[in-house]
Structures are given as C-alpha cells and as structure tokens.
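Participant: Before anything else, here's the structure in question.
Readers should treat all values here as calculations from the given coordinates under stated rules, not as data from a laboratory. Please read these numbers as outputs of a predicted model, since none were measured by experiment. Cβ atoms come from the backbone with ideal geometry, glycine included; neighbour counts cover every protein chain shown.
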Amino acid sequence: MRHLLFILIITNLFFTSFFTQVGFSLETDKKSIESRIITNIDFYGNKIVVEDKIKEYLLTKVGDKYDSKKIKNDIRSLYATGFFYKIDILTTQNDEGVDLLFRFEENPILADFRIRGNDKITTDDLRQALNLEEGKIISRKELEVSRSIVESFYLFKGFNKVVVTDNIVPIGESKIQYEIKVVEGNRGYVKGIRFIGIDLEYAPELSKRLETKEKWFFSPITGRGRLSMGLVELDENNIRQFFLEKGYIDAKTDQSKVEYIKEKDGYRVIFQVRQGDRYKAGKVSFQGDLIEEEEVLYKKISLDNSEFFSTKILNQDIESLNKVYGDKSYAFANINPNIKRDDEQKIVHVEYEIEKGEKYKINLVNIKGNTRTRDKVIRREVQVNENDDYVYTAIQASKDRINRRGFFEKVEITEKPAKDKKNYLDLNIEVEEKSTGYFAISGGYSSAETIMFGANIQENNLWGYGKKLGASATVGGLSKNFYVNYADPYFLDTTYQFGLVAFKKLFDYVDYDRDSWGGRVKFGKSLNYWTFTNIAYRYESITIDDLKLNANEIFQKGTDKISSLNLGLVYDSRDNFIDTSRGITTGANIEESNEFLGANLEFTKYSADFAKYWSIKRHHTLAYSLEGAFIDFRNMGSKIVVSERFYLGGPDNLRGYKYSRVSPRRFLSNGNFVRIGGNKYVYSSLEYMYPLAIETGLKGILFLDVGETYDEKKNIDYNPYDMRKDAGFGFRWLSPMGPLKLDFGFPLGKRRSGESKYEVQFSIGSLF
C-alpha cells in the first residue's frame, strides 16, 4: 500500500510539473507559454469522430504561436458541433515549444429511439416534432429538450394531465437506446370563456380572434373546444394584439386562469386583461433618406387618416414604405418608426427614420423542396432573372404566380446576400408539394328527377411539367357526356398557351334526342402578369333525332355542323385557382360560326363574366359573380338550334332549380310545351364561405342566386324581382375520402309547374 501511495504521489508531481490545464495555469506560466511555438497537436478519447474531422474546426495549427484566446474559440467551435460532452486541453512544454493534447468525452450515437404510450398522437407526428435521427451523434442537451418538446406538444393538443418520462440505456461503449414514455390522460373540453377587465362591447369580436373555442356539436370529430394550454398562451398574445390594433397601447394580459366546472364536466378559461387608455393617431413625419417627395410617401400610408392609433395599420404602412424602397432596389432599407406618445392628450405621433441602405441586384435563384415538379415549371413563374435589379414587387408577384399554379402547399421566398458578390442577393425559393392528381365520383339528386352519376380523373401537373390531362364522364336519366382534355400553359416552353378538348354528348329529352361530338383547340398568350388573350377553333356535329309528340312543330330532324373561331380576353388576379380567397377574374368572348369556315349553323355569340373575391378575415371569403351572354342566329328561319341556346338551373348556377329547367317555353298544339332555351341570359351570385372546423378543412357556405333566360321576343330585364331567384346553404369539406361538396337550394318567389321546394347537389372525390 505504501509503495502504491508513493507511486501516486510521484505521478501527480510529474503531471503537475509538466502539464498545465488551460484556464488554471499561473500567470507566469501563461506569459511563458504564450511566447512559445506549438510543436505538436494530439487528440485523445475520440472514438467516433476522426481526427481529420476535428481539425476542420480548429484555427490553431502546428507552427503557430500559442494563443489562449484562439484555443478557447476552438473549444467553443468543437462544442458547437454537438459531438462532444466534455473537452479538456493539456499542454506540455519542451525545448522547442509546446505540445497540445485535446482530451475528449464524446456524445453517444443514438442507435435506437422509441416512443411508448402514445395512443392518440401518432409516432410520426412526435418524431417530426423532435427531429431525432437514429445513427447520428446526440448530445445530452438534445435528450433533455426532447422530453420537454413531447410534453409541450401534448399540452398544445389539449392533454393537460400528460406525464412524460424518458430512459437512456447504454448499448456498448459509444451507443445508447433512448425511450420516451407517455401517459396521455384524458383531454378536457372548454365549456366557458370569460374576459375580465375589458369593455363588454369588445367581447364578441374578441372571441372570434381566439384560437381557444368552446365545445360544440362536432367537437368529437373536429377537435374544436379541447382545452390546450398552448392555445391559451397564444391567445394571451392575440388579446394584446387585438387591443393594440384598437389603440390601447398599454394593453397587457395577466396570467390566465383555468378552472374546472364540475356541473358541466369541463373547464372555464378566464382571460385577465388590463385594457388601459385609448390613444388617437397623431402626426406622421419622415426623416432620413427620402427617395420620393413627402407627398408621395404620405399617399402610401394610412395611419395619418385614421382616428385611432393602430399597430395593424402601422405595420401595413411599414410594409408599403418597404415596397416603395424595394421597388427602387433598396432591398434592406431600414424603416424605423419612432413612437412619440402624448400621455396628456392621449395621442401617438409617428416619426419614420429611414435609412435606404445600398442598391442590390439578383445573383442566383435557387429552388428547393420540389421532388416531382421540374425546376423550370417554378422558374418560369419567377419575375426576376439573374443580374436583374432587385424589385420588391416582382419578387412578391413571383410568389403569387407560383402559388396560383396550385401545385404547392407552401411557397416561401427568402433573400440572402451572395457570398462572393457585393450588393448581390441570392433568392431561395422553397416549396412544399401537394397532390395534383384528382379522381372524383359525383352525383345529383332532386325530389322530382332521377339521380345523375359522374366520374372525373385529372392530373394538373403531368409528369411534373405543369401540364394538365383529364377525362370525365357523366351518366344520368337524360344525358351521357364524355370529355377528354389537355392543356399546356407554356406550349413548347414559350409564353403561349395550348389547350385541346374532345367530347361526345348524348341527350335523351322528352321531345327529342340529340347526339353530338367534336372538339376545340385553343391558343393563348399572356399580355402581362394578370391579362391573357386567346383564340380557339371549335368543331361540333349535332344530330337531332327521334322527335316525339308534336315536337316537330318546333324542332327539325337532321344533322348540323358548327365550325367557329373564338376570340377571348381574360383578366385574372386570383391568389389561388383552386381555393380562392381574394382577387378578380373577368373576361369577354366573341364566337363566330359561318359558312366560310365550313359550318351550316351560322351565328355570332357574345359572352362576358366577372367575379370578385374578398378575404374579409382569416378563412372567411365573400364572393360575387356576374355573367351573361347573347347569341345572334343568321339564316335559320324558324329553326330552333337547341344546342347553342342557354339554359339555367343545376349545380353551377341557379342551384334551387332542376338542371336546365330555367328556360323560355314554347307551347305545342296539343297543349304541352317544350323548353327551347334562350338566345340570351344573365346570372348573378353572392356567396359567403366561412370555416366550421379549421382543423379539418370543413367550411360552410351561404348563397343567393339570381338569373333568367330570354328568347328573341323578350329583352333582358335587369330587375331582380322579375328574375328567378334562390337561396341556400352548403358545405365544403376535404374529407378523408376527398373533397366533398353538398348544396341545398331553395327557390324564392312563386314556383312554376313541376318545380320542387328544394334541390340537392353533391359530389365527393379523392386526391392522389
């Protein structure tokens, strides 16, 4: 034992004499060592990370003078890699200089990761939130944070009694197994929401702003109304923002209370607010680098025209000013609002201090996230090119154009200074793809008519090239329709558009049968960002046969041919072609069919349409549409060309009426009548779409339709009281089986013979 103790003492003295740990050496030793050259660098304890990898993070090299600050920075860099749990440095002085020894304790490799007890939240969702990857080195800090993330995830989802534990099991020398165990508990529901400290007039509007909702009938399906402390904390900020937007600049929220209501078997959430005084909007002024006259800048802002100060309007004004400077290539202009409050007068003045910075150009345009969609499909929607001047509006327009294609769930454009070029920016476009193929079955039902079934298959991003290809078929008691369509928005990689449609249509009416086939070829050209023009050729062969009763008094048996050219002009500023929330679409068309083109049906058809969408608030959309058409038949005599005349009623227009039943009537000698269609029509609709359950995509819709058809004997009467009208409600839902549409339409006013009290339209499909 004495010999062992002696050896330990001698060994300790040896290392004390020759080794000095950085950060603990004497001042004299520091001065001595700082003047010496590093002769060698060795590593000890690194079994996972190879030496060459470690050297990549070191600024200290053999031959350098010993620099304690540089070495400390090296240690920080090595810790930042996440490879190491502990790092020590030992120094040994020799005749030529000093040797360095890096001694490591490595973090282990995550060999196996498991989650147990999660019945109501999927393992995939939790793994995605944690971002732990098996086979990679993992730090102890990451493990500690992981348990907290899982707990927070459950709390956010409404599991307020969740218990999360973890366990680390070593596997060999450098690997571990990590297990998270969850005891979920039951979800609680919100049975009441209360505000303390606010004016009662704000309560209804404020309730709509909250993410926390009370339980309702569909809560077991949608999840709405579940108590989530994460949402409660989020709503505390939402409440504060609400009052800041109203001019209450000192508004604060205290910690909210959640109390259990035994008689309701649920929870009441109590938001405690200190509302404060309301401030008016004062003077707005500008200082610094003004690239426009002040009068121009004042036209870009709204706060100076507001009665009360509002952070919402302030942020909108900052965005408007950034746009002004960004469109002049000042990509990083600093628009700093200095808030000056007058507490006596309760007024807030704003002085904008502006630093324009430097002008920038575009270096590279990088695209990420597209695994299926070709780069060029995205790149052709980008309105700036490499070496172009930076233009804020063009970049925002690029994002809108990419979104409008309907191929992506999310589109983000970020700007980053180029590495090797001063005053150049790289544009990084990151997309998240979604399903673009569509298959649907559909049906319609009315209390007085048979059921109609249909099927539709469509791919809107064919092979990732942005082209469309589809086919559809509908079969009902009165008709059979078959369509094939193809569209290329950038034909042969040009700015021209190409479309092709082929069809076969069979109609079995009470009075006659109609059999038609044909197709249409269309070319289009973009005039600017929103405006398009097109020209189309149409051919259709129409056969009228099997006349019944006295129908030959009106219709004529035989085959007619349409051969026509169509010129169209379209303006479309919708934010999304599929799920529109804002924007305008309008267009006008003229179609000419004549003998020179090979037709025996000669006519000129004029049509126009208009639709506007308002995003009145998040997930709430108001839409108005107006359309109409007129056709002038030539050299037809008394012949009625049914195929080109206009009918209303059905799922696409007057939803409270049967399909194609709104039409002028012509009476026969036997007292019966036939619907001959109009040579003109007008139709208008007002729709309000609102969320029923945001989490599931369930939406409700309220609608009002007004329209009428007219024959040659009657002019269009724009008086809504004299037109056919209906109102109704419906649902839109991206169900597990696919998009579902269900409408209930109710005619307004006096009904005619054969018209029902209501009509029902529905469709359901699936995405792939």
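Participant: What is the extension gain from D388 to Y44, computed as 0.36 nm multiplied by their sequence separation minus the C-alpha to C-alpha distance, in nm to one decimal?
Facilitator: 118.6 nm
Participant: With charges set only on the Cβ (+1 for Lys and Arg, -1 for Asp and Glu), what does the dipole of the chain come to about its Cα centre, in debye to the nearest 20?
Facilitator: The dipole of the chain has a size of about 1740 debye.
Participant: Still on this structure: Along the Cα→Cβ direction, 7 angstrom out, place labels at I347 and W530. What is the inter-label distance in nm?
Facilitator: 3.8
Participant: Next question. Mind checking which of Y390, A418, I198 is farthest towards the positive end of the chain's charge dipole, using Cβ charges of +1 (Lys, Arg) and -1 (Asp, Glu) about the Cα centre?
Facilitator: Working it through, the farthest residue towards the positive pole turns out to be I198.
Participant: With r defined as the distance between the Cβ atoms of F596 and L547 and R0 fixed at 25 Å, what FRET efficiency is calculated, to the nearest 0.05?
Facilitator: Efficiency, rounded to the nearest 0.05: 0.20.
Participant: Find, among the trypsin sites (Lys or Arg not before Pro) in segment 559-658, those assigned to loop by DSSP (not H, G, I, E, B) with at most 15 other beta-carbon atoms within 10 angstrom.
Facilitator: Passing sites in segment 559-658 are R618, K639.
Participant: Further question: Compute the long axis of helix 68-80 from its Cα atoms, compare it with the longest principal axis of the Cα atoms of the chain, and write down the angle in degrees, 0 to 90, nearest 10.
Facilitator: 40
Participant: Given R₀ = 35 Å, FRET efficiency for T495-T371 by Cβ-Cβ distance, to 0.05?
Facilitator: In this case the efficiency is close to 0.85.
Participant: Still on this model: How far is helix 392-404 tilted, in degrees, relative to the longest principal axis of the Cα atoms in the chain, given as a value from 0 to 90 rounded to the nearest 10?
Facilitator: For helix 392-404, the angle is close to 60 degrees.
Participant: Across segment 59-131, how many lysine pairs, 8 or more positions apart or on different chains, have C-alpha atoms separated by under 29 Å? Please give the number.
Facilitator: For segment 59-131, the number of qualifying lysine pairs is 8.
Participant: With axes computed from alpha carbons, what is the tilt in degrees of helix 229-245 against the longest principal axis of the chain, rounded to the nearest 10 within 0 to 90?
Facilitator: Once rounded, one gets 70 degrees.
Participant: Can you work out the Karplus-derived ³J(HN,Hα) for every residue in segment 280-294? Use 6.51 cos²θ - 1.76 cosθ + 1.60 with θ = phi - 60°, whole Hz, and x for glycine or proline.
Facilitator: 8, 7, x, 7, 10, 9, 10, 9, x, 7, 9, 8, 10, 5, 4
Participant: Out of residues 5 or more away from N363 or on other chains, whose amide H comes under 5 Å of its own, with H placed 1.01 Å from N in the peptide plane?
Facilitator: N387, L425, D426, L427
Participant: Using a Förster radius of 41 Å, what is the FRET efficiency between K713 and K208 based on their Cβ-Cβ separation? Nearest 0.05, please.
Facilitator: Using R0 = 41 Å, I get an efficiency of 0.20.
Participant: Take R751 and E293, extend 7 Å from each Cα along the Cα→Cβ direction, and tell me the distance between the two endpoints in nm.
Facilitator: 6.5
Participant: Follow-up. Whole-Hz ³J(HN,Hα) for each residue in segment 697-704, computed from phi via Karplus 6.51 cos²θ - 1.76 cosθ + 1.60 with θ = phi - 60°, x for glycine and proline: what do you get?
Facilitator: x, 6, 10, x, 9, 10, 9, 9
Participant: For segment 131-248, build the charge dipole from Cβ charges (+1 Lys, Arg; -1 Asp, Glu) around the Cα centre, then report which of V163, S219, I176 sits farthest towards its positive end.
Facilitator: Going by the charge dipole, the pick is S219.
Participant: Next up: If the reach is capped at under 22 angstrom between alpha carbons, list the lysines near K419, excluding any in the same chain fewer than eight residues apart.
Facilitator: Counting by Cα, and skipping residues close in sequence, K419 has these lysines nearby: K356, K359, K361, K368.
Participant: Can you show me the helix-derived [θ] at 222 nm for the chain, built from DSSP H runs with n ≥ 4 at -39,500 (n - 2.57) apiece and divided by the number of residues, rounded to the nearest 500.
Facilitator: -5500 deg cm²/dmol
Participant: Run the numbers for L200 and F332: contour at 0.36 nm per residue of separation, minus the present Cα-Cα distance, in nm.
Facilitator: Result for the pair: 43.2 nm of gain on full extension.
Participant: Could you list the residues of segment 316-350 with an amide nitrogen less than 18 Å from a label point located 7 Å from the Cα of E307 in the Cα-to-C-beta direction?
Facilitator: Only 346-348 fall inside the zone, counting backbone N under 18 Å.
Participant: Which residue, chosen from I115, N131, L101, occupies the Cα position most advanced towards the positive end of the dipole of segment 73-143, where the dipole is computed from +1 (Lys, Arg) and -1 (Asp, Glu) charges on Cβ about the Cα centre?
Facilitator: I115
Participant: A further question follows. Students often forget the sequence filter, so: which aspartates and glutamates lie under 15 Å Cα-Cα from K421 once same-chain residues fewer than 8 apart are removed?
Facilitator: Correct list for K421: E358, E386, D388, D389.
Participant: Equivalent ellipsoid semi-axes for the chain, as square roots of 5 times the alpha carbon gyration tensor eigenvalues: give them largest first, rounded to whole Å.
Facilitator: In descending order the semi-axes read 67, 33, 31 Å.
Participant: Scan around I249 for amide H atoms under 5 Å from its own, H built in the peptide plane at 1.01 Å from N, and keep only partners 5 or more places away or cross-chain.
Facilitator: Y279
Participant: Can you sort I291, I354, I41 by how many other beta carbons sit within 10 Å, fewest first?
Facilitator: Result, fewest neighbours first: I291, I41, I354.
Participant: Non-local amide H neighbours of S581 (under 5 Å, H modeled in plane, Pro and chain starts lacking H): which ones?
Facilitator: D575, N576
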